[in-house]
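The values are calculated or read from the model by the stated rules, or taken from the named source; none is laboratory data. If you're wondering where the values come from, they're calculated on a predicted model, not measured in any experiment. We place every Cβ from the backbone using ideal geometry, glycine too, and count neighbours over all the protein chains shown. Accessible surface areas use protein heavy atoms only, side chains included; no ligands, DNA or RNA. Shrake-Rupley method; radii C 1.70, N 1.55, O 1.52, S 1.80 Å.
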Amino acid sequence: QPREEGAAAEQQLRELIQGATDPQELLQMCGGRALSSNLAGMAIARLARLTTERHLDPQGFHRDPRLLQLLDTLDGQISQVWNTTLVQVLRALPVLGVPRAGRQVRSVEQEVLWRLRRLPLRQLVHLAEHLAGHKDSPLLPEVLRKLELRWTELEGARTVVTLMAKVGHLAPALMERLEDKALELAEQLDVDEIRRMALALALQQRRCVPLLRALSYHLLQKPPELGLPVLTDLLFAYSKLNFQQPQVLHRLALELQPHLGALTPAQVSRCARSFAALRWLSRPLAEGIAQYSLDNTRDMSVTHLCGIVVSFARLNFQPSSSEEFFTMLHEQLQGQVQQLDPLVLTDVVWSLCVLQQARPPYLRHVLSPEFHTRFRGDLSPRAQSSWLKLVHINTTARLETPGYRGPFLPPEALGGDRDKDRDKDKEKATPLQRGLWEALPGALGGRDLGRYNVHTVFGWDIDAEVVLDSDNKPLPVKDFTAPHLSHSEGTKSLPSGAKRVAFLCWEFPQFSSRGRDLLGRGALARRHLHRAGFLVVEVSR
């Protein structure tokens, strides 16, 4: 009988604690009673929840003698505390401002550590989610290790998504298991879970192609109107992972277009950059972005406009309102060129060259010695990329800008260093390039009749070069002057009617490895080579 009465009293206290709605009332109620360690733990967890819900300052509690009494009660018989309550207490103590290095926190962590093997998987997941924000906790590595051993017990797509997002980056081996489980559960994912999973993969730079394909397939089965956050996050994730899935990108572009007016300038610029990174051109969406820029010029910063024009150049896209758009852009750039980061400015002027909108003041600025010398000798990939774009800009200034008188890049800086890498480039050649180099000598009648893997002073690499006479018969290419090379071997001028032929290989299956801005680069390369007197032959598969 006394035992039954004790159980009933404890049950009544438990209900009072769980039903408490005011922190002070809860502390008052607990302060006047002799609680078990489990009830003390429940009270601490409830107090933390009320503190969070009411956005209260935890500093007002962690020195309260009534809370300290609850902590002492908990610590006195901590082995009697239920598993669920123990995990809740561990999550509650930081909320209440209890010092992480304090005795109470260490005591709870130690008890959890001893019980890890016996904890249900659900509790392990809650622990991992909590400890992800406390990477210095000694518990975290053990919890992750237990999850990795018990990953086959995971059930429910939401649990897998949560673990991938919260702790996947902390344990690569566990992340691999989670990807396997996600693939198994992909059919159960709702739209928001697909979004969260894609984001988790993107933020951790994990390009798990089978999982991305599964996510894409199940996304396409979902009804229309995915919602703006889903559209923008998925676009970010696919571009971050450089994963091009045509049906998904078509749908994202189609559903984004009506929402453009609701986006901020930063979001519009980000969307444009993402589609450009994926080399995916949706003309209606691109036209919408151009019109958005015209309609919201006052709200668009120069940085946002630069992102959009660079994206248009990478996709080689000219808006139908081209004259109006570029007039607005030039007006916005006026007086801002000096303030732009040199790397960004180089990208912008290069993009204007691709789109045939570069004006002499821009060319003069980036081709001046004060500007371009900062990139000379800098071997970082970003600086090397910018230097190559400066060479392209220099070519535009020479071949496509009538009346431009300089400055130009110094001749000794064009192509010399790149010639040294010729053997290294051959090692990196694509199968298509190697096939061309093997087949062409036989077709010409001799290897000396062609020049291969040519680095030009224009900044473009020609995979093969041939000179044909007026009857289309090959001539020894090395006998003739070559103004497109930094060092010409021949001295003869081309005979009347002869022409230079440049072969360019585009390896479409390896599209991504050829550079994100291949479309714009390809257009600019063809134009420059035509201006330099070449007949361009493109080889692709």
Selection from the range 487-515 of residues modelled with pLDDT of 90 or more, assigned to a loop (DSSP other than H, G, I, E, B) and either touching a helix residue (DSSP H, G or I) at 6+ places or on another chain (Cβ under 7 Å) or open to solvent by 70 Å² or more (accessible area, probe 1.4 Å) (or both) yields Ser493, Ser496
Just wondering, is there one or more residues in the range 351-361 that are in contact with a Lys or Arg (Cβ under 6 Å, 6 or more places away or on another chain) and in a helix (DSSP H, G or I)? no
Within the range 285-319, restricting attention to residues that are hydroxyl-bearing (Ser, Thr, Tyr) and assigned to a helix (DSSP H, G or I), which residue is surrounded by the fewest Cβ atoms within 10 Å (Cβ to Cβ)? Thr303
Condition (residue is closer than 26 Å to Arg270 by Cβ and of a type in the set (S, T, N, Q)) applied to the range 195-209: is it met by at least one residue? yes
State which residue pairs qualify: first residue open to solvent by 20 Å² or more (accessible area, probe 1.4 Å) and inside the range 174-187, second residue among the acidic types (Asp, Glu) in any location, beta carbons under 8 Å apart, and separation of 6 or more residues or different chains. Arg177/Glu148
Would it be correct to say that Arg195 is touching a Leu at 6+ places or on another chain (Cβ under 7 Å) and either surrounded by fewer than 20 Cβ atoms within 10 Å (Cβ to Cβ) or in a loop (DSSP other than H, G, I, E, B) (or both)? no
Pairing a residue in the range 1-21 that is among the aliphatic types (A, V, I, L, M) with any residue that is modelled with pLDDT under 75 and not in a helix (DSSP H, G or I), where Cβ atoms lie under 9 Å and the two sit 6 or more apart in sequence or on different chains, gives Leu13/Arg33
Given (1) in contact with an Asp or Glu (Cβ under 8 Å, 6 or more places away or on another chain); (2) surrounded by fewer than 18 Cβ atoms within 10 Å (Cβ to Cβ); (3) modelled with pLDDT of 90 or more, index of the condition Asp425 fails: (3)
Quick check: is even one residue across the range 334-346 part of a helix (DSSP H, G or I) and either among the charged types (D, E, K, R) or more than 30 Å from Tyr292 (Cα to Cα) (or both)? no
Looking at the range 137-146, can you tell me whether even one residue there is free of Cβ contacts under 8 Å to residues at least 60 places away in the same chain, closer than 25 Å to Gln188 by Cα, open to solvent by 60 Å² or more (accessible area, probe 1.4 Å) and not basic (Lys, Arg)? no
Looking only at residues in the range 524-541 that are at pLDDT 90 or above and farther than 23 Å from Lys478 by Cα, which one is nearest to the chain's Cα centre (by Cα)? Leu524
Do we find a residue being modelled with pLDDT of 90 or more, assigned to a helix (DSSP H, G or I) and touching a helix residue (DSSP H, G or I) at 6+ places or on another chain (Cβ under 6 Å) anywhere in the range 399-422? yes
Do the conditions hold for Leu228, that is, is it surrounded by fewer than 21 Cβ atoms within 10 Å (Cβ to Cβ), closer than 21 Å to His169 by Cα and hydrophobic (A, V, I, L, M, F, W, C)? no
Quick one: in the range 201-225, which of the residues that are of a type in the set (A, V, I, L, M) and open to solvent by 50 Å² or more (accessible area, probe 1.4 Å) is nearest to the chain's Cα centre (by Cα)? Leu203
Matching residues, the range 147-175, being of a type in the set (D, E, K, R) and more than 27 Å from Ala48 (Cα to Cα): Glu148, Arg150, Glu153, Glu155
Looking for whichever is open to solvent by less than 10 Å² (accessible area, probe 1.4 Å), within 29 Å of the chain's Cα centre (by Cα) and modelled with pLDDT of 95 or more here; the options are Leu363, Leu345, Leu367. Which one fits? Leu345
